[in-house]
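**Student:** I have a structure here, written as structure tokens, and I will follow up with some questions on it.
The values are calculated or read from the model by the stated rules, or taken from the named source; none is laboratory data. In this text, all values refer to a predicted model and were calculated from it rather than measured experimentally. Note: ideal-geometry Cβ built from the backbone for every residue, glycine included; neighbour counts use all protein chains shown. Heavy atoms of the whole protein, side chains included, go into the accessibility calculation; ligands, DNA and RNA do not. Shrake-Rupley method; radii C 1.70, N 1.55, O 1.52, S 1.80 Å.
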Amino acid sequence: MASADVIVVGGGNAALCAALAAREQGARVLVLERASEAEAGGNSRFTAGAMRVVYDGVDDLRVLMPDLSDEEVARTDFGSYTREQFLDDMARVTQYRCDPDLTDVLVSQSYATLSWMRGNGVRFAPIYGRQAFKVGGRFKFWGGLTVEAVGGGPGLVDALTAAARKRGIEIWYSARAVALSAGDDGVRGVQVRRQGKTVQVDAGAVVLAAGGFQANPEWRARYLGPGWELAKVRGTRFNTGDVIAQALAIGAAPVGNWSGCHAVGWERNAPEFGDLAVGDAFQKHSYPFGIMLNAEGRRFVDEGADFRNYTYAKYGRVILAQPGQFAWQVFDGKVRHLLRDEYRIRQVTKRSAQTLEELVRQLDDVDADAALREIHAFNAAVKADVPFNPNVKDGRCTTGLAVNKSHWANALDTPPFEAYAVTCGITFTFGGLRIDPQAQVISTDGEPIPGLYAAGELVGGIFYFNYPGGTGLTNGAVFGRIAGANAASAAMAARAGDQRPAH
Ligand SMILES: Cc1cc2nc3c(=O)[nH]c(=O)nc-3n(C[C@H](O)[C@H](O)[C@H](O)COP(=O)(O)OP(=O)(O)OC[C@H]3O[C@@H](n4cnc5c(N)ncnc54)[C@H](O)[C@@H]3O)c2cc1C
């Protein structure tokens, strides 16, 4: 029978950080990844690798990014992102629901955790292009998001996997956890389905990092509500909530925003699940510089309510609620240079025209006359005396419309006009397992379940309603590292015949 000190269930960022941290404590670690090696890495692999992190200025960033050149520093205003700003962002976007203790750990450990990842071979770079616009010859970062893993999500997962292999961590691919083995003294192993056989693997402690339930249409309809089964899944098809169910079955407590999720505007004709060849490029995140129209030709949301980072994760839900579950994003020639790279991929549903009249006739499934009236009304409502500035919330708004735009409002008056069709793409679910700040899974009786730890997407209580961009990977890394280290000390104590330590 196979055994390990620590079993980590999952093969994404949270799992691999947990495995590395457990190994660092001297534990024998086994990683169980449900996907084959070709599809391994979970949602983490689909990301751009953007990670939200506290930093006081460029000196802190130089530690994370030793490759930063003097020339880059000279032409960039990196600003800073303080602990208070990160805490404020979390509180504001979650409508003050985020668990204060977990959020404090997330924020205060963010920099130390990225430095630790760097020490484990993950390389970081500034997110030029997505998070900084050039003004007066200098790049200026905005929205608190400055750092990404080199090579994006694939680069991140490859670097963590290489580190795990180098340190002697065993990884089983195509190995699906099907049940947790638990008794009165807590969790003692995992039943694994591998190569058509179910085997028992014993362990001193188990870390769960197997993602949310977004790839399960039945659970989506059940927990997120009617219509959610129609959303596209942006990432991996393997995060179906089965490990959440396994933990609930042995008495773990559910917590958080079970009817909530991260969901964005996503290419209308994208496949049912993510496509690793396209990655996150089906997303369409430049709507703050244009308008969105629904099937009735109406605008339905304030496209410029805030920086993209603070609205994109909740606007997928708004698009799903429109007739036919789609919208068209419309831009004019003045802002084309601001459109992100994802607008220039081949797999895009795009229309372009030299006049607005021509454009609206090309928008599939839209009331063209109503759309034209809506655009004219929008154009007339723009407060044109306020200067446009994409780096700040510029206050260039519309007035007098049923749905006003708060910032970056420009009349659509300069050809060529372009439109892109989007639907709702779900990223991950917010509800999950209750953990404490030591990443111990808490039971429905309110006590830690001995030997059971969790991190990443399958943890609840951190995100509600919305999400500040780049926090998912940081969240998985911070709590993965804590979960792995604590699981290792619990397992080593169990191996030595001691009582499991209380953290
Ligand atoms: C397109 C896209 C872009 C994104 N961009 C960003 C970004 O730039 N920055 C950011 O911070 N976040 C981003 N996110 C969110 C981010 O991906 C997640 O928050 C984060 O990756 C979650 O990490 P995780 O390790 O918890 O889960 P995952 O990385 O999804 O890993 C879960 C793992 O569990 C495995 N698994 C599932 N069930 C089982 C089972 N029964 N047995 C064994 N293994 C199992 C899966 O195969 C998978 O390997 C993005 C997400 C998507 C989809």
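**Student:** For the range 359-401, which positions are open to solvent by 40 Å² or more (accessible area, probe 1.4 Å) and either small (Gly, Ala, Ser) or in contact with a His (Cβ under 7 Å, 6 or more places away or on another chain) (or both)?
**Tutor:** If the condition is that a residue be open to solvent by 40 Å² or more (accessible area, probe 1.4 Å) and either small (Gly, Ala, Ser) or in contact with a His (Cβ under 7 Å, 6 or more places away or on another chain) (or both), then 377, 380, 384, 393, 400 are the ones that fit.
**Student:** Out of the residues in the range 218-236 meeting the condition of being not hydrophobic (A, V, I, L, M, F, W, C) and not in a helix (DSSP H, G or I), tell me which one is most open to solvent (accessible area, probe 1.4 Å).
**Tutor:** Initially, the range 218-236 is screened for residues not hydrophobic (A, V, I, L, M, F, W, C), giving 218, 220, 222-223, 225-227, 229, 232, 234-236.
Those left that are additionally not in a helix (DSSP H, G or I): 225-227, 232, 234-236.
On the way: 225: 14, 226: 129, 227: 19, 232: 45, 234: 27, 235: 4, 236: 7 Å².
Ranking the qualifying residues of the range 218-236, first place goes to 226.
**Student:** Okay, next question. So, of the residues in the range 277-304 that are in contact with a Ser or Thr (Cβ under 9 Å, 6 or more places away or on another chain) and open to solvent by 20 Å² or more (accessible area, probe 1.4 Å), which turns out to be farthest from the ligand (Cβ to nearest atom)?
**Tutor:** 302
**Student:** Looking at the structure I just gave you, is residue 348 within 22 Å of residue 470 (Cβ to Cβ), out of contact with any Pro (no Cβ under 7 Å at 6 or more places or on another chain), open to solvent by 20 Å² or more (accessible area, probe 1.4 Å) and at pLDDT 95 or above? Talk me through it step by step, then tell me what you get.
**Tutor:** Working: within 22 Å of residue 470 (Cβ to Cβ): no; out of contact with any Pro (no Cβ under 7 Å at 6 or more places or on another chain): yes; open to solvent by 20 Å² or more (accessible area, probe 1.4 Å): yes; at pLDDT 95 or above: yes.
No.
**Student:** If you go through the range 165-182 one residue at a time, do you hit one that is assigned to a helix (DSSP H, G or I), within 26 Å of residue 42 (Cα to Cα) and modelled with pLDDT of 95 or more? Explain how you work it out, then say what you get.
**Tutor:** Taking the range 165-182 and keeping what is assigned to a helix (DSSP H, G or I), we get 165-166.
Still in the list and also within 26 Å of residue 42 (Cα to Cα): 165-166.
If we keep only those that are modelled with pLDDT of 95 or more as well, we get 165-166.
The answer is yes; a qualifying residue exists.
**Student:** Between residues in the range 41-56 that are among the hydroxyl-bearing types (Ser, Thr, Tyr) and residues that are near the ligand (Cβ under 6 Å from one of its atoms), which pairs lie under 6 Å by C-beta distance while being six or more apart or on different chains?
**Tutor:** Final answer for the pair search is 44/12; 44/13.
**Student:** Scan the range 113-158 for residues that are touching a Leu at 6+ places or on another chain (Cβ under 9 Å), part of a helix (DSSP H, G or I) and farther than 15 Å from residue 470 by Cβ and jot them down.
**Tutor:** The answer is 115, 116, 118, 154, 157.
**Student:** Taking residue 480 as the residue in question, decide whether it is part of a loop (DSSP other than H, G, I, E, B) and either of a type outside the set (Ser, Thr, Tyr) or free of Cβ contacts under 8 Å to residues at least 60 places away in the same chain (or both).
**Tutor:** Values: part of a loop (DSSP other than H, G, I, E, B): no; either of a type outside the set (Ser, Thr, Tyr) or free of Cβ contacts under 8 Å to residues at least 60 places away in the same chain (or both): yes.
No; evaluated as a whole, the condition is false for this residue.
**Student:** If we keep just the residues of the range 17-39 that are assigned to a loop (DSSP other than H, G, I, E, B) and open to solvent by less than 10 Å² (accessible area, probe 1.4 Å), which is nearest to the ligand (Cβ to nearest atom)? Before the answer, list the steps.
**Tutor:** Initial filter on the range 17-39 (assigned to a loop (DSSP other than H, G, I, E, B)): 25-28, 33-36.
Adding the requirement that they be open to solvent by less than 10 Å² (accessible area, probe 1.4 Å) leaves 27, 35.
Numbers: 27: 19, 35: 4 Å.
Across the range 17-39, the extreme among qualifying residues is 35.
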